[in-house]
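In what follows, a single structure is set out as structure tokens and then discussed.
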Amino acid sequence: MAVQSTAAAATQSATVSPESPGTSPSADAGYGTSFGPAAALSCRECGTRFPLSPIFACQECFGPLEVAYDLPLGDPDELRRRIEAGPASIWRYAPLLPVPADVAERPNLNPGWTKLIKADNLARELGVTGGLYVKDDSGNPTHSFKDRVVAIALEAARTFGLTTLSCSSTGNLAGAVGAAAARAGLRSCVFIPHDLESAKVVMAAVYGGELVAIEGSYDDVNRFCSELIGDPIGEGWGFVNVNLRPYYGEGSKTLAYEIAEQLGWRLPDNLVIPIASGSQLTKIDKGLKELIALGLVEDKPYRIYGAQAEGCSPVSAAFKAGHDVVRPVKPDTIAKSLAIGNPADGPYVLDITRRTGGTVEDVTDEQIVDAIALLARTEGVFAETAGGVTVGVLRKLIETGQLDPAAETVVLNTGDGLKTLDAVAGTGPTATIRPTLSAFREAGLA
Amino acid sequence: MSASVRIPTILRSYTGGQAEVPADGATLAEIIESLEKNHAGISARVLDDTGKLRRFVNVYVNDDDVRFSDGLATVVPDGASVSIIPAVAGG
């Protein structure tokens with residue numbers, strides 16, 4: 001029976017993509033089974049389809065391309081069992097990703113399957129009664145969620161025969177690319193703004209690849225990389241977040257899959273997600289929709305909330321103004337991993353938060369630091385500034401009545417606090433004393 | 001008034017494969033008109049049906065994103081470098 005069920009699952013399929021649910025793929029991948037269930041690249045703006053290849057913008061309208069699938073529409077119980085029997089990494093979801101079936105056996109960092117922490121202490125502090133969880137992605141190999149997206153891009157680079165792995169980065173991505181390339185035996189050359197936190201610079205450099213600091217902001221770095229890729233110098237290069245971006249973005253779907261599986265194959269009521277480019281938020285939504293379409297979870301409403309730092313809040317500003325486009329800003333915030341002033345997926349974030357009944361909110365640098373301390377004090381989780389942004393925004397959403405505290409909420413921490421020590425530089429010893437009991441008493445600690 | 005325009009890979013089918021082409025005009029709108037005269041069809045790729053810059057196109061005059069200045073009305077100095085670049089994400 002099991003064999004018959006698997007065969008039925010293999011022959012029954014449906015394309016799942018936001019623009020064209022239920023339609024057949026129109027483009028031949030040409031790479032055999034290297035991309036698993038992926039069928040084509042599809043433009044998010046106009047729906048034009050292209051063969052799977054290292055391109056990222058629609059030739060018709062410049063819209064971003066994303067992966068469209070023929071996902072297995074078999075018995076959901078069978079698929080759940082197959083996933084649960086898989087490795088403790090994102091590769092347990094290989095049947096839903098643009099990767100070959102044997103991906104877990106190839107040299108890679110095997111990221112994912114990070115902890116979903118039931119945050120009862122934080123819930124009490126914030127007055128959440130419906131259940132509160134922290135999805136703690138600091139547990140990834142290079143201590144941020146970027147390992148997820150890079151792992152998918154790496155497989156695409158291998159398939160396309162690209163020999164240099166590269167990226168424009170606000171820090172976390174550079175480290176993830178350097179580490180992934182080292183493990184895979186590829187050359188890496190990554191680009192960062194010149195003023196990043198020192199820990200992120202070290203983490204980007206330590207893996208032995210080339211690290212280039214650009215005199216300018218992240219948006220300047222991004223522009224430089226976009227021009228480099230159109231130049232003969234960039235031939236054979238896989239920029240994970242430029243020409244491999246359609247594949248890269250799919251890695252963020254695994255956050256949605258893991259949250260649902262770790263909750264017992266169900267969806268939470270609310271998710272609070274940080275916004276830099278907006279890619280992660282849009283792909284988590286895509287992942288949740290796929291879970292519903294595949295019958296892996298019950299179809300129920302969920303609200304997605306976006307979180308930004310006030311010093312770089314173009315999406316929040318557009319949301320509050322009722323706009324459907326995002327006016328770029330010059331970033332000025334301690335949350336450097338979210339400091340993208342011209343967020344490419346901003347318009348989609350606006351669509352998704354409005355569609356699901358969520359909102360986009362922002363917090364000051366001071367509130368970010370307070371939230372880092374709050375999460376550390378209540379749950380023992382030391383978040384980087386982006387985690388301070390999501391927890392700070394969660395607190396603000398509750399205080400302003402935008403988020404129902406009686407609903408079940410998942411808040412994301414996407415990176416490790418050790419990467420942004422400067423943000424909490426004022427933290428130090430309660431007292432410095434001589435090594436005697438009397439000194440301990442005199443310090444008022446006994 | 002003339003400028004040099006950097007063409008992204010996906011638009012080079014309109015410029016015979018050239019990565020950089022000259023164009024005339026005192027504003028970005030005039031530069032795009034000039035491009036269209038010499039490379040028919042390119043304007044509709046950069047502008048939407050209402051004549052505005054498509055939302056996933058970034059245009060720089062020298063080093064400045066035109067969205068921070070006057071959009072299509074942005075002044076293009078003689079000898080300027082204009083770059084047309086697809087928006088990208090990441091971080």
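With respect to A:Thr333, is the statement that it is in contact with a Leu (Cβ under 9 Å, 6 or more places away or on another chain) and at negative phi true? It would help to see each step written out before you state the result.
On the way: in contact with a Leu (Cβ under 9 Å, 6 or more places away or on another chain): no; at negative phi: yes.
Answer is no for this residue.
Just the residues that are among the β-branched types (Val, Ile, Thr), within 14 Å of chain B (Cβ to nearest Cβ) and assigned to a loop (DSSP other than H, G, I, E, B), please, taken from the stretch A:270-302.
Scanning the stretch A:270-302 gives a single hit, A:Ile275.
Would you mention how many residues in the stretch B:42-70 are away from every other protein chain (no Cβ under 11 Å) and either outside any strand (DSSP E or B) or in contact with a His (Cβ under 7 Å, 6 or more places away or on another chain) (or both)?
Total meeting the criteria: 7.
How many residues are small (Gly, Ala, Ser), within 18 Å of B:Arg67 (Cα to Cα) and within 14 Å of chain B (Cβ to nearest Cβ) if we restrict to the stretch A:318-364?
Going through the stretch A:318-364, the residues small (Gly, Ala, Ser) turn out to be A:318, A:321-322, A:335, A:337, A:339, A:341, A:344, A:346, A:357-358.
When the remaining residues are screened for being within 18 Å of B:Arg67 (Cα to Cα), the result is A:318, A:321, A:339, A:341, A:344, A:346.
Cutting the leftovers down to within 14 Å of chain B (Cβ to nearest Cβ) gives us A:318, A:339, A:341, A:344, A:346.
Total meeting the criteria: 5.
Quick check on my filter: what residues within the stretch A:55-84 are away from chain B (no Cβ under 11 Å) and assigned to a loop (DSSP other than H, G, I, E, B)?
Passing the criteria: A:Leu73, A:Gly74, A:Asp75.
Quickly run through the stretch A:95-142 and pick out the residues that are assigned to a loop (DSSP other than H, G, I, E, B), out of contact with any helix residue (DSSP H, G or I) (no Cβ under 8 Å at 6 or more places or on another chain) and within 30 Å of A:Leu41 (Cβ to Cβ). Working first, answer last.
In the first step, residues of the stretch A:95-142 are kept if they are assigned to a loop (DSSP other than H, G, I, E, B); the result is A:97-102, A:106-114, A:119, A:127-131, A:140-142.
Next, from what is left, pick out any that are out of contact with any helix residue (DSSP H, G or I) (no Cβ under 8 Å at 6 or more places or on another chain): A:102, A:130.
Across the stretch A:95-142, the qualifying residue is only A:Asp102.
Being in contact (Cβ under 8 Å) with a residue 12 or more places away in the chain and of a type in the set (Asp, Glu) is the filter here; which residues of the stretch A:235-290 pass it? Break it down stepwise before answering.
Start the filter on the stretch A:235-290 by keeping residues that are in contact (Cβ under 8 Å) with a residue 12 or more places away in the chain, which leaves A:236-263, A:265-290.
Hits for the stretch A:235-290 are A:Glu250, A:Glu258, A:Glu261, A:Asp269, A:Asp285, A:Glu290.
Restricting attention to the stretch A:199-224, report how many residues are touching a helix residue (DSSP H, G or I) at 6+ places or on another chain (Cβ under 9 Å) and among the basic types (Lys, Arg).
Number satisfying all stated conditions: 1.
At least 2 residues that are over 22 Å from the mean Cα position of the chain (by Cα) and outside the structural domain of A:Gly63 (by TED's automatic domain parsing) in each: list the helices (runs of 4 or more DSSP H) lying fully within the stretch A:318-413 that qualify.
Numbers: elements: A:346-356, A:365-379, A:385-399.
Correct list: A:365-379, A:385-399.
Filter the helices (runs of 4 or more DSSP H) completely within the stretch A:157-269 down to those with at least 3 residues that are at negative phi and within 11 Å of another protein chain (Cβ to nearest Cβ). Steps first, please.
On the way: elements: A:172-184, A:198-205, A:218-229, A:245-250, A:253-262.
In the stretch A:157-269, the matching helices (runs of 4 or more DSSP H) lie at A:172-184, A:218-229, A:245-250.
Tell me, which residue of the stretch B:5-16 that is within 13 Å of chain A (Cβ to nearest Cβ) and not in a helix (DSSP H, G or I) is nearest to B:Val82 (Cα to Cα)? Before the answer, list the steps.
Filtering the stretch B:5-16 for residues within 13 Å of chain A (Cβ to nearest Cβ) gives B:5-15.
Now restrict to residues that are not in a helix (DSSP H, G or I): B:5-8, B:12-15.
On the way: B:Val5: 5, B:Arg6: 6, B:Ile7: 9, B:Pro8: 11, B:Arg12: 15, B:Ser13: 18, B:Tyr14: 17, B:Thr15: 15 Å.
Ranking the candidates gives B:Val5 first.
A:Ala10 versus (1) more than 20 Å from A:Ile352 (Cβ to Cβ); (2) crowded, with 16+ Cβ neighbours inside 10 Å; (3) at pLDDT below 75; (4) not charged (D, E, K, R): which is the lone unmet condition?
Looking at each condition in turn, A:Ala10 falls short on (2).
Considering only residues that are farther than 23 Å from B:Gly16 by Cβ, among the polar types (S, T, N, Q) and over 13 Å from the mean Cα position of the chain (by Cα), which ones fall in the stretch B:37-79?
Residues satisfying the conditions are B:Thr50, B:Ser69.
Mind listing whichever residues of the stretch B:17-41 are in a strand (DSSP E or B), at pLDDT 95 or above and surrounded by fewer than 17 Cβ atoms within 10 Å (Cβ to Cβ)? Write out each step before concluding.
Kept after step one, since they are in a strand (DSSP E or B), are these residues of the stretch B:17-41: B:20-24, B:27.
Within this subset, residues satisfying the condition of being at pLDDT 95 or above are B:21-24, B:27.
Correct list: B:Pro22, B:Asp24.
Among the residues of the stretch A:370-377, is there at least one that is among the acidic types (Asp, Glu), farther than 25 Å from A:His194 by Cβ and either touching a Leu at 6+ places or on another chain (Cβ under 8 Å) or within 14 Å of chain B (Cβ to nearest Cβ) (or both)?
Of the residues in the stretch A:370-377, the ones among the acidic types (Asp, Glu) are A:370.
After this cut, where a residue has to be farther than 25 Å from A:His194 by Cβ as well, the list is A:370.
Subsequent filtering for residues that are either touching a Leu at 6+ places or on another chain (Cβ under 8 Å) or within 14 Å of chain B (Cβ to nearest Cβ) (or both) retains none.
Checked the stretch A:370-377: no residue is among the acidic types (Asp, Glu), farther than 25 Å from A:His194 by Cβ and either touching a Leu at 6+ places or on another chain (Cβ under 8 Å) or within 14 Å of chain B (Cβ to nearest Cβ) (or both).
Identify, please: which residue in the stretch A:267-301 is modelled with pLDDT of 95 or more and among the polar types (S, T, N, Q) and is, among those, surrounded by the fewest Cβ atoms within 10 Å (Cβ to Cβ)?
If we take residues in the stretch A:267-301 being modelled with pLDDT of 95 or more and among the polar types (S, T, N, Q), then A:Asn270 is surrounded by the fewest Cβ atoms within 10 Å (Cβ to Cβ).
Between a residue in the stretch A:138-155 that is closer than 18 Å to A:Tyr247 by Cβ and any residue that is assigned to a loop (DSSP other than H, G, I, E, B) and β-branched (Val, Ile, Thr), which pairs come within a Cβ distance under 6 Å, given they are 6 or more apart or on different chains?
A:Phe145/A:Thr414; A:Val150/A:Val240; A:Ala153/A:Val240; A:Glu155/A:Val99
Name the residues in the stretch A:27-80 that are at pLDDT below 90 and among the polar types (S, T, N, Q), would you?
A:Thr33, A:Gln59
The values are calculated or read from the model by the stated rules, or taken from the named source; none is laboratory data. Bear in mind that the values here come from a model prediction, so they are computed numbers and not experimental data. Counting neighbours? That spans all protein chains shown, and the Cβs are built from the backbone with ideal geometry, glycine included.
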